[in-house]
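Novice: This is the structure, below, for whatever I ask next.
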Amino acid sequence: MNKIPQIALIAMLAISVIVALLFFLGGDVNPDAEYVEPNNTGALLTWAYILIGLVCIVTVFAALMGFITKISSDAKSAMISLGGIVVLALLLCITYFSADTTPLPLVEGTEQSTFDLRISGMCIASAFILAGIASFVSLFGFLAKRF
């Protein structure tokens, strides 16, 4: 049972490396264009959406399992798990509604829906915020152990 997360991590890492290589080494749609567009941009974006979706699903599932297992024995830590779900949902809602919906000027002749622009903005903003929080917590944890 302990091998399943390791196998999943290795598989996701391998897919990420393959998609990154396709993106960077796959050539361009039109090499003579003013703005170069790699051939496999769609694959990279799709993989990023899949990874973000998996992170959200696993986070909510882990928080729910923590809440269910701790509700009868330790109500305070169960509420912390529930609070994590609520904070993640708030973060995603805030970043979704604050995302810019201005059509991108580099893409002409294609429809850019408001939903797609909001989802892209939400993913980018959420990733930056969560990375900042993770960095802060790591630094604070390191400093708390030292002092």
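The values are calculated or read from the model by the stated rules, or taken from the named source; none is laboratory data. All values reported here derive from a predicted model rather than from experimental measurement. Note that we place each Cβ from the backbone using ideal geometry, even for glycine, and neighbour counts take in every protein chain shown.
Novice: Under 8 Å between Cβ atoms, which residue pairs at least 6 apart in sequence (or on different chains) link something in region 37-53 that is farther than 17 Å from Leu130 by Cβ with a partner that is surrounded by fewer than 16 Cβ atoms within 10 Å (Cβ to Cβ) and among the aromatic types (Phe, Trp, Tyr)?
Specialist: From region 37-53, the pairs are Pro38/Phe24.
Novice: Just checking, how many residues over region 113-147 are under 24 Å from Asp100 (Cβ atoms) and aromatic (Phe, Trp, Tyr)? Show your work before the answer.
Specialist: Just the residues of region 113-147 that are under 24 Å from Asp100 (Cβ atoms), to begin with: 113-133.
Checking which are aromatic (Phe, Trp, Tyr) leaves us with 115, 128.
Final tally of qualifying residues: 2.
Novice: Return a yes/no flag: does region 129-142 have any residue that is part of a helix (DSSP H, G or I), modelled with pLDDT under 80 and loosely packed, with under 12 Cβ neighbours inside 10 Å.
Specialist: Within region 129-142, one or more residues are part of a helix (DSSP H, G or I), modelled with pLDDT under 80 and loosely packed, with under 12 Cβ neighbours inside 10 Å.
Novice: Answer yes if at least one residue in region 7-19 is more than 20 Å from Ala131 (Cα to Cα) and surrounded by 14 or more Cβ atoms within 10 Å (Cβ to Cβ), and no otherwise. Even if it seems obvious, please write down each step before you answer.
Specialist: Within region 7-19, the first condition is being more than 20 Å from Ala131 (Cα to Cα), and the residues that meet it are 7-8, 10-11, 14-15, 17-19.
Still in the running and surrounded by 14 or more Cβ atoms within 10 Å (Cβ to Cβ): 19.
Scanning region 7-19, I find at least one residue that is more than 20 Å from Ala131 (Cα to Cα) and surrounded by 14 or more Cβ atoms within 10 Å (Cβ to Cβ), so the answer is yes.
Novice: Something else: Return a yes/no flag: does region 39-50 have any residue that is in contact with a helix residue (DSSP H, G or I) (Cβ under 8 Å, 6 or more places away or on another chain), of a type outside the set (Asp, Glu) and more than 24 Å from Ile124 (Cα to Cα).
Specialist: No; the residues of region 39-50 include none that is in contact with a helix residue (DSSP H, G or I) (Cβ under 8 Å, 6 or more places away or on another chain), of a type outside the set (Asp, Glu) and more than 24 Å from Ile124 (Cα to Cα).
Novice: Among what's in region 98-119 and is closer than 21 Å to Ile50 by Cα and in contact with a helix residue (DSSP H, G or I) (Cβ under 8 Å, 6 or more places away or on another chain), pick the residue that is surrounded by the fewest Cβ atoms within 10 Å (Cβ to Cβ). Write out each step before concluding.
Specialist: First, the residues of region 98-119 that are closer than 21 Å to Ile50 by Cα: 99, 112-119.
If we keep only those that are in contact with a helix residue (DSSP H, G or I) (Cβ under 8 Å, 6 or more places away or on another chain) too, we end up with 99, 118-119.
Working: Ala99: 18, Arg118: 17, Ile119: 15.
Only one residue fits best here, namely Ile119.
Novice: Answer with yes or no whether Lys76 is among the basic types (Lys, Arg) and exposed (fewer than 11 other Cβ atoms within 10 Å of the Cβ).
Specialist: yes
Novice: Residues being of a type in the set (D, E, K, R) and in a helix (DSSP H, G or I): count how many of those fall in region 63-119.
Specialist: 4
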